[in-house]
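Please see the structure below; I have some questions.
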Amino acid sequence: MPEPIKRVDTKQLQSKLIGAKESFTQAAIDAFSPNVCILNNAGDILLVNQAWRNFYDANSCAPNVSDYFIGTNYFQICKQSKMTGNNEAELVLKGALQVVHGELDEFSTQYPCHSPTKKCWFNIRVTRFQNDSGYLMLSHEDITEFKLTEEKHNLSAKVFSYSHEGIMITDSAGIIIDVNDAFTNITGYSREESVGQNPRFLKSDRQSNDFYTDMWNEITRNGYWVGEIWNRRKNGEVYPEIQNISSVNDADGKVQNYVSLFSDITSLKNYQSQLEKMAHYDPLTLLPNRVLLSDRLAQTLLQCQRHEKSVAIVFLDLDGFKAVNDAHGHAIGDRLLVTMSNRMKDTLREEDTLARIGGDEFVAVLADLDKIDDCEPLLERLLLAASAPVFVDNIRLNVTASLGVTTYPEDNVNADILLRHADQAMYIAKGMGKNRYHMFDIAKDIALKTNREDLEAVRIGLLQKQFVLFYQPIVDMKIGKVIGVEALLRWQHPERGLLPPTEIPALLEDNPVSIQLGEWVISSALTQIKQWQSIGLNLNVSVNIGARQLQQENFPTRLAEIISSHPDVEAGYLELEVMENGVFTDLDQVTSVIQDCLDMGIHFTLDDFGTGYSSLTYLRLLPATSIKIDQRFIGKMLTDPSARAIVEGVIGLAKAFKCKAIAEGVESIEQGTALLAIGCELAQGYAIARPMPSNDIPIWIKNWKPDAAWQENVSP
Ligand code: C2E
Ligand code: MG
Ligand code: MG
């Protein structure tokens, strides 16, 4: 049996307690955590608790300010506060008086107040003592923290409700626990229809599963994801939105919620696509414009490259369009263009593109051709479509089209150049009578381009000092003396090695680079003359001059300038060889140039003599000092009597015109012997020496001896 609960005699204890009333009351109110004071019905403050003291001491400037309250009248303080504009003070006063008059047992209100250090909130409560003793208990509970949190919550709630962005909150399992009004406005689903669902119910089929996997991976990794997503509204409409999903974690970092904010960007997308249209399409014909054309062309080229197909690029210009504009005005002209565009577009296949790139200029890109010829029927159809009459307001309009065509990869250049080539071909089609197509001449273009590239290489070669002169001795076989050397150009090509003149394209050309190269040869030969002279070797050097360079208007002036830039070289050591079969367009001018050079002390040789059809005329008219018998006759003179006859004839001519005859291409001792026998002593050729670098010349000259046979056969 449990022991019965004991009871004490309370009578005496209670009377003790009542005797200790004052200290008891103080202790009791000190136990309250809010700031508490006791007032009488007149509003006089009789007692304040410890919390009251602590609060007002801490938040006032003056020390022991709390004691100041005791004995003051609370109602009066309220009245004064009201006078200084604190409306809540009036409310408190009114409530307190209602309690005093027994109309209310208790009054409470929330009361903002500004202490000198911070803004605070109090919950003010006025309570009447139950025993109706004529006392009131007033408590000021500091609820600032609570108020601030509440304010924050209110703000969040406002943001949530009034946001124009849709907001969706899910739990950690991704189940929707709340959505805002904007969510409903955007998706069409109410809060009730959405809460409890997985957001998947909004999904459109525009994104792959991989898209969602990547999205969730990113949210797991970074805690958020931002991107564009297509969802489906309740009415079935698919729309784009910008979505921002963030995970909300608890203190341990565990996901509690996911918050998704999204905006409907349909109008933005529409605007964007409108802008795109404006940027990519011709507003009149609605055909792609130049910008989109280059995009499409680039894609088509890539695609056809991959599928090993050809693409035809067609530049199309209407013939007679200006006349329509002039005669009927631009409005009619515009309508003609629209009809024409539609018609031409109809002749093309799905994979082709027709773009308008200017007034009456169009470009068609014909894709996926197995062979070049496959584009011909399409071109014919385009021509036909363009040439059929167009009726605008009962006016019959007639235009045609001129087409220029090039094909890729046959014309293996970039998109811009393809268009340029098609444009060039279109001009030819116009020139050939319009209303036709003309194919761009790819082979001719390659030849031209190669030529341009070659010339550029020569120009760079000159800058990088890749050219050198080799020298081949010219000797007098009879007396065994070296009478000079011929400078022969070589190209020390960085990739192809040492190249002979036949491999130097600039030599055949009539352009600034060939002139530059020719002048470099003369200048280098002069430098070489000086260098040999400095070691006691006085040698005549003959250089080859192209016929074109010689006929250059200011050749004598340029030559004089080059010579004067080598002031320590006597011009008389320089000789110029000009090919007899060179094309001299104006013999009088050439004669005068040669005469000018002779006046400077420079001699002339007619090179490769006997090969041109005007040999005799030249010999008669041009004041040359020497002639070189062409190596082709020398090579055959021992076996071919007619060749020998020519050699003899040339030697005779030389004598008649008082010129020296030099045999070139002497490859054997026998040839030399034969030449000596018919009175030609001067010679050059492999039998004597091959062309060599300038450094080898002094040693060669020192060591050279004419063949003994030549000495024997010479009549004294
Ligand atoms: P070219 O002026 O008639 O020069 C003689 C050519 O015959 C040189 O060829 C020379 O190497 C070659 N040769 C010399 N002896 C023999 C031989 O016994 N047998 C054979 N088969 N060939 C021999 P290269 O150096 O190839 O020059 C060819 C041509 O290029 C020259 O013919 C000349 O017309 C031109 N050329 C050379 N240098 C220059 C130059 O600086 N300017 C210009 N415009 N033309 C040049
Ligand atoms: Mg020569
Ligand atoms: Mg020659």
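Where does each of E667, E712 land when they are ordered by accessible area, with a 1.4 Å probe and the largest first?
E712, E667
If you don't mind, there's one more thing I want to ask. For the stretch 277-440, what Kirkwood radius comes out of the mean inverse Cα-Cα distance, in Å?
15.8
Give me the 1.4 Å probe accessible area per residue for the stretch 629-702, excluding ligands and nucleic acids, in Å².
Solvent-accessible surface per residue comes out at 48 Å².
If you average 1/r across every pair of different Cα atoms in the stretch 607-675 and take the reciprocal, what Kirkwood value do you get, in Å?
12.0
I would also like to ask the following. State, to one decimal in nm, how far the label point of D105 lies from the label point of A709, with both points 7 Å from Cα in the Cβ direction.
Placing both labels 7 Å beyond Cα along the Cβ direction yields 15.2 nm.
Probe 1.4 Å, all protein chains in place: accessible area of K345 in Å², nearest 10?
Its accessible surface works out to 110 Å², give or take rounding.
Separate question: Inverting the mean 1/r over all pairs of different Cα atoms, compute the Kirkwood radius of the chain and quote it in Å.
38.9
Let me ask something else about it. Need one number: convex hull volume per residue for the stretch 453-712, Cα atoms only, in Å³.
It comes to 132 Å³ per residue, whole-number rounded.
So what is the accessible area of the stretch 417-534 per residue, in Å², with the probe set to 1.4 Å?
51
Quick one: the Cα spread of the stretch 468-622 along its three principal axes, in angstroms, biggest first?
Here the Cα extents, ordered largest to smallest, are 42, 42, 34 Å.
If I take R0 = 30 Å and measure r between the Cβ atoms of D250 and E218 in this structure, what FRET efficiency does the formula 1/(1 + (r/R0)^6) give, to the nearest 0.05?
0.90
Okay, next question. Expected output is a single nm value to one decimal: the length gained when fully extending between K277 and A31, i.e. 0.36 nm times separation in residues minus the C-alpha distance. What is it?
Gain on extension, K277 to A31, equals 80.8 nm.
Shifting gears a bit: Going through the stretch 455-557, which trypsin sites (Lys or Arg not before Pro) have at most 11 other Cβ atoms within 10 Å and a DSSP loop state?
K465, R496
Further question: Can you tell me the accessible area per residue over the stretch 159-269, all protein chains present, probe 1.4 angstrom, in square angstrom?
56
What nm value, rounded to one decimal, do you get for the distance between E561 and Y427 when each label is placed 7 Å out toward the C-beta?
Once both label points are built, they end up 3.2 nm from each other.
Filter the chymotrypsin sites (Phe, Trp or Tyr not before Pro) in the stretch 585-656 to those in DSSP coil with at most 10 other Cβ atoms within 10 Å of their Cβ, and list the result.
Y613
Quote the FRET efficiency, to the nearest 0.05, computed for E570 versus S668 with a Förster distance R0 of 60 Å and r equal to the Cβ-Cβ distance.
Rounded to the nearest 0.05, the efficiency is 0.95.
Setting aside same-chain residues fewer than 8 positions from K322, which lysines have a Cα under 29 Å from its Cα?
The reachable lysines, counting only those whose Cα sits under 29 Å from K322, are K277, K345, K430, K434.
Check each of the trypsin sites (Lys or Arg not before Pro) in the stretch 378-456 and keep only those in coil by DSSP with at most 12 other C-beta atoms within 10 angstrom; list them in order.
Within the stretch 378-456, no trypsin sites (Lys or Arg not before Pro) qualify (loop, at most 12 other Cβ atoms within 10 Å).
Using a 1.4 Å probe on the protein heavy atoms only, what accessible surface does E141 show? Give it in Å² to the nearest 10.
80
While we're on this one: For the chain, which whole-number percentage of the solvent-accessible area (1.4 Å probe, protein heavy atoms only) is attributable to carbon and sulfur atoms?
Here carbon and sulfur together make up 52 percent of the probe-accessible area.
The values are calculated or read from the model by the stated rules, or taken from the named source; none is laboratory data. The model shown is predicted, which means the values in this text are computed figures rather than measured ones. FYI the Cβ positions are ideal-geometry reconstructions off the backbone, even for glycines, and counts take in every protein chain you see. Protein only, heavy atoms only, side chains kept; ligands, DNA and RNA dropped before computing areas. Shrake-Rupley method; radii C 1.70, N 1.55, O 1.52, S 1.80 Å.
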